[in-house]
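Data block below; observations after.
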Amino acid sequence: MKFVGDFHIHSRFARATSKDMNLENLDKWAQIKGITVIGTGDFTHPLWFQELKDQLEPAEAGLYKLKGRTSPARFLCTSEISCIYSKGGKVRKIHLVLFAPSFEAVEKINTRLGWIGNLRSDGRPILGIDAKEVVKIALDASSDCMVVPAHCWTPWFSVFGSKSGFNSLEECFDEYTKYIYAIETGLSSSPAMNWRVSSLDNVAIISNSDSHSLEKIGREANVFDAEVSYPAIAETLKTKDPKKFLFTVEFFPEEGKYHYDGHRLCGISFSPKESKERNNVCPRCGRPLTIGVLNRVEELADKPEGFVPSSAVPFRSLIPLQEIIADALGQGVGTKQGREEYDKLIKALGNEFAVLLDASMPEISRATLPEIAEGIKRVREGKVAIEPGYDGEYGKIKIFGNDEQKSSVSQKALF
């Protein structure tokens, strides 16, 4: 069965997360987006885990669904944790996503992690524990658990981060590296960037939304053609079977917060080449630049740009539908007209991924305004202009030029 999975999200118990991130809303928005398997997020938080146990019931092997509902959405037990510790003479700050096949495994993980730090403090708890010890704890809970380095290139909190990471998976996980079957690209990198690093050839490259709000679920995701179950998903990631792992859905990486180097407070944004010319120093304040993902990939890459491994899983770069609509209308995201057009497309074509990936252009044109249909077409073709993000600032992406938007607005006013 072909289906979409988004495994890394957060609940309302995580810091800076919408209060609407509850199970009923997650189930509803998974259907709106076209996601079949969604991560629970934050299973380490005691209150959230209690809600999971109270409101979910077993479905297919290792997956859960809302009690008493006929919804097609399935929940997979996942949680992100932040490991802050010293290794190799440096302070390391590594975020990991844990996958668990059952509530029983989660309870064992939570017990062990609860001895180390306060799990109630945040949906993504900060723990003073070596990343490889997390892998050991997860595997002790169940041999079917998996640990995935989260947003693996982000400067401050990732396995390859320029500020606090490592130069290889082996440096981070030591003898447990063989149990790292996948890495998460994060919003600021694409699979193509990761393909340039030979040490990643044998791991699956997955993408997830890391969503803190309902609307952003599925902004990155994974598309499978496999049995809908935890064992099938885990096996597909371990084997990278191209017949079962079809492709990932990606941001345009330039739109991510840390694609370029720079200083947000100084308003400085540089490409890797520009940073090198300035010795990675901010010309305004004289302090070291925050080195972004593109630069860090260049540093660790041992293959040329454009290299495609024979085992590569393809990817599709997209822009969320609400952002396409907003750009086409020359409005901000979430306006009344924008929401109406979004709802019309979902009602006509089924869900957001059906609109962005599967529906024909004639079908889309019949369901919405011509400029919105044109926006979807341009995104599918990669015809977008992007000002890269840097140092915590999202990139600015444009589908239409200002002149085109003004023309569209004038035509609507005329009619």
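Please treat every number below as a calculation from the coordinates, not as lab data. Here the structure is a predicted model, which means the values were calculated and not measured. With ideal geometry, Cβ positions are generated from the backbone for all residues, glycine too; neighbour counts draw on all protein chains shown.
Worth pointing out:
- The simple Förster model, with R0 at 45 Å and r as the Cβ-Cβ distance, assigns residue 167 and residue 366 a FRET efficiency of 0.30.
- Each residue of segment 313-328 is assigned a 3J(HN,Hα), and the resulting list reads 7, x, 9, 10, 8, 9, 10, x, 4, 5, 6, 4, 4, 4, 5, 5 Hz, derived from the Karplus form 6.51 cos²θ - 1.76 cosθ + 1.60 (θ = phi - 60°), x at Gly and Pro.
- Within the chain, percent of DSSP bridges classed antiparallel, to nearest 5: 70 percent
- Relative protection proxy for 217-229, 331-343, 241-253, 51-63, from highest mean packing down: 217-229, 241-253, 51-63, 331-343 (other beta-carbon atoms within 10 angstrom).
- Net charge of Cβ neighbours under 13 Å - reference residue 121; Lys, Arg +1; Asp, Glu -1: +1
- Between 127, 369, 289, the residue with the greatest mean-square fluctuation in the GNM of the chain (Cα pairs under 10 Å linked by springs) is 369.
- Amide H contacts under 5 Å for residue 166, placed H, 5+ residues apart: 160, 161
- Distance between the pseudo-spin-label points of residue 103 and residue 385 (7 Å out from Cα toward the beta carbon): 5.4 nm.
- Taking the fewest neighbouring Cβ atoms within 10 Å as the starting point, the ordered list for 97, 4, 91 is 91, 4, 97.
- Here is how the number arises for the chain: DSSP H runs of 4 or more residues each give -39500 (n - 2.57), the sum is divided by the residue count, and the result at 222 nm is -9000 deg cm²/dmol.
- In order along segment 15-24, the phi-based Karplus estimate (6.51 cos²θ - 1.76 cosθ + 1.60, θ = phi - 60°) of 3J(HN,Hα) comes to 4, 6, 10, 4, 5, 7, 7, 10, 5, 5 Hz; Gly and Pro are listed as x.
- Extension reserve of the residue 316-residue 28 stretch, reckoned as 0.36 nm per residue once the Cα distance is removed: 101.2 nm
- Neighbour counts of other Cβ atoms within 10 Å put 130, 210, 6 in the fewest-to-most order 130, 210, 6.
- Taking Cβ atoms as reference points and 15 Å as the exclusive limit, the residues near residue 387 contribute a net charge of -4, counting Lys and Arg as +1 and Asp and Glu as -1.
- Considering only 265, 349, 76, the mean-square fluctuation computed in a Gaussian network model of the chain, springs between alpha carbons under 10 angstrom, is largest for 265.
- Percent of Cα-Cα distances greater than 41 Å, calculated over the chain: 13 percent
- Its Cα centre serving as origin, the chain has a Cβ charge dipole (Lys and Arg +1, Asp and Glu -1) of approximately 600 debye.
- Under-5 Å amide H pairs with residue 74, H placed in peptide plane, nonlocal only: 37, 38
- Likely footprinting exposure, 102, 269, 158, fewest C-beta neighbours within 10 Å first: 102, 269, 158
- Local net charge near residue 170, Cβ-Cβ under 13 Å (Lys/Arg +1, Asp/Glu -1): 0
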